[in-house]
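S.K.: Sharing a structure with you now.
The values are calculated or read from the model by the stated rules, or taken from the named source; none is laboratory data. This is a predicted model, so every value here is computed, not measured. Cβ placement follows ideal geometry from the backbone for every residue including glycine, while neighbour counts extend to all protein chains displayed. Heavy atoms of the whole protein, side chains included, go into the accessibility calculation; ligands, DNA and RNA do not. Shrake-Rupley method; radii C 1.70, N 1.55, O 1.52, S 1.80 Å.
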Amino acid sequence: LVVLNRGKCTFRLAVIQLQVTGVKRDNLSRAQRLVREAAGQGSKVVLLPECFNSPYGTSFFSMYAERIPGESTQVLSEAAKENQVYLVGGSIPEEDGGKLYNSCTVFGPDGDLILKHRKIHLFDIDVPGKIRFQESETLSPGNSLSMFETPFCKVGVGICYDMRFAELAQLYSRQDCQLLVYPGAFNMTTGPAHWELLQRARALDNQVYVATASPARDETASYVAWGHSTVVNPWGEVISKAGAEEAVIYADIDLQYLDDIRQQIPITTQRRNDLYAVTQAQEGSR
């Protein structure tokens, strides 16, 4: 029996802001190389961006979609095992039963699949004169919350637009997640306005660490990602942040610090559960 003294340790998190191209094989090999680089810097948990194996766009999802397990998840499994890390595999377009999903797979240091999170909230927005995007034209939503255990802490997973929904982060926090990870690809309209603000809000509201992984910016792409992958601490401070270009950023996740913050500002014990509640409508994760 191994007793984990969680909440009293520090571990290194790496976020890979990958330059994604239209060549899947190149994306996969570059991701493999950067996971190896991150592990070489002592990282125990590694995060890849949304749509890390393909361009992001409704016209690309069906073209690049795979079954899970498949080519891309095989590469992730091997990279996790080779480097002995927990690998949050960003997301890939997944085909299952004639439907397409935006899916994140997580692999343990043994290379085994721990979970699959299908993006719950589809990105359907229309900002007149700036951007219109409708994921629901091609994708179907997932229907489950997704959390996984590590020897360090419990981790909650969302994808991009999922981050806008405070209830999801609250539920993860109530179920003892201390780190929330959101692979995401905000754009040049919503990115500068909301990307960092949302991460800081989710971290501050729930007194957790929040990490986001964006693809690197490609000005020639049909959908231009904002970049600026980020890690925020439970005080709401940005502790690591990338620019627009391909990069690996690091943050030491200090769970004693998280405990200290929760003792200093004890909102977790001060909630008026007699007046309000955030509840999960259905159980299960996939």
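S.K.: Just the number, please: percent antiparallel of the DSSP beta bridges in the chain, rounded to the nearest 5.
M.R.: Once the DSSP bridges in the chain are tallied, antiparallel ones form about 65 percent.
S.K.: Keeping all protein chains in place, calculate the accessible area per residue for the chain (probe 1.4 angstrom), answer in Å². Mind dumping the intermediate values first?
M.R.: Working: 12050 Å² over 286 residues.
Here the residues of the chain average 42 Å² of exposed surface.
S.K.: Under a 10 Å cutoff between Cα atoms, tell me which one of ALA166, ALA31, ALA216 has the largest fluctuation in the Gaussian network model of the chain.
M.R.: Answer for the Gaussian network model of the chain: ALA166.
S.K.: Given Cα pairs under 8 Å that are at least 6 residues apart, what percent is the relative contact order of the chain?
M.R.: Relative contact order comes out at 21 percent.
S.K.: Let's test the formula: R0 of 30 Å, r as the Cβ-Cβ distance of ASP176 and ASP96. What FRET efficiency results, to the nearest 0.05?
M.R.: Efficiency, rounded to the nearest 0.05: 0.50.
S.K.: Only one of the listed values, [x] 49, 48, 37; [y] 56, 44, 41; [z] 49, 45, 37, was derived from the coordinates as Cα extents along the principal axes in Å; which label is it?
M.R.: Checked against the structure: label [z].
S.K.: Picking from ASN273, SER229, THR105, whose Cα lies most toward the positive end of the charge dipole for the chain (charges on Cβ: Lys, Arg +1; Asp, Glu -1)?
M.R.: ASN273
S.K.: In this model, which of LYS44/LYS99; LYS44/LYS130; LYS81/LYS241 are farther than 29 Å apart at the alpha-carbon?
M.R.: Beyond 29 Å: LYS44/LYS99; LYS44/LYS130.
S.K.: Quick check for you: which residues of segment 124-165 have the amide N under 14 Å from the point 7 Å beyond the Cα of GLN282 toward its beta carbon?
M.R.: 141-146
S.K.: For segment 103-114, just list the computed ³J(HN,Hα) in residue order, Karplus coefficients 6.51, -1.76 and 1.60, θ = phi - 60°, integers in Hz, with x standing in for Gly and Pro.
M.R.: 10, 10, 10, 10, 10, x, x, 8, x, 7, 6, 8
S.K.: To continue, here is another question. Determine the share of the chain's accessible area contributed by carbon and sulfur atoms, expressed in whole percent, with a 1.4 angstrom probe. Please report the intermediate quantities before stating the final value.
M.R.: On the way: 5930 of 12050 Å².
Result for the chain: 49 percent of the exposed heavy-atom area is carbon or sulfur.
S.K.: If R₀ is 30 angstrom, what is the calculated FRET efficiency for the pair GLU137 and ARG25, using the beta carbon separation as r and rounding to 0.05?
M.R.: Here the calculated transfer efficiency is 0.65.
S.K.: Between segment 86-124 and segment 209-265, what is the C-alpha centre distance in whole Å?
M.R.: The distance from the Cα centre of segment 86-124 to that of segment 209-265 comes to 20 Å.
S.K.: Then there's this: So how far, in whole Å, is the C-alpha centre of segment 139-189 from the one of segment 9-54?
M.R.: 18 Å
S.K.: In percent, how large is the relative contact order of segment 131-286, given Cα pairs closer than 8 Å and 6 or more residues apart?
M.R.: 19 percent
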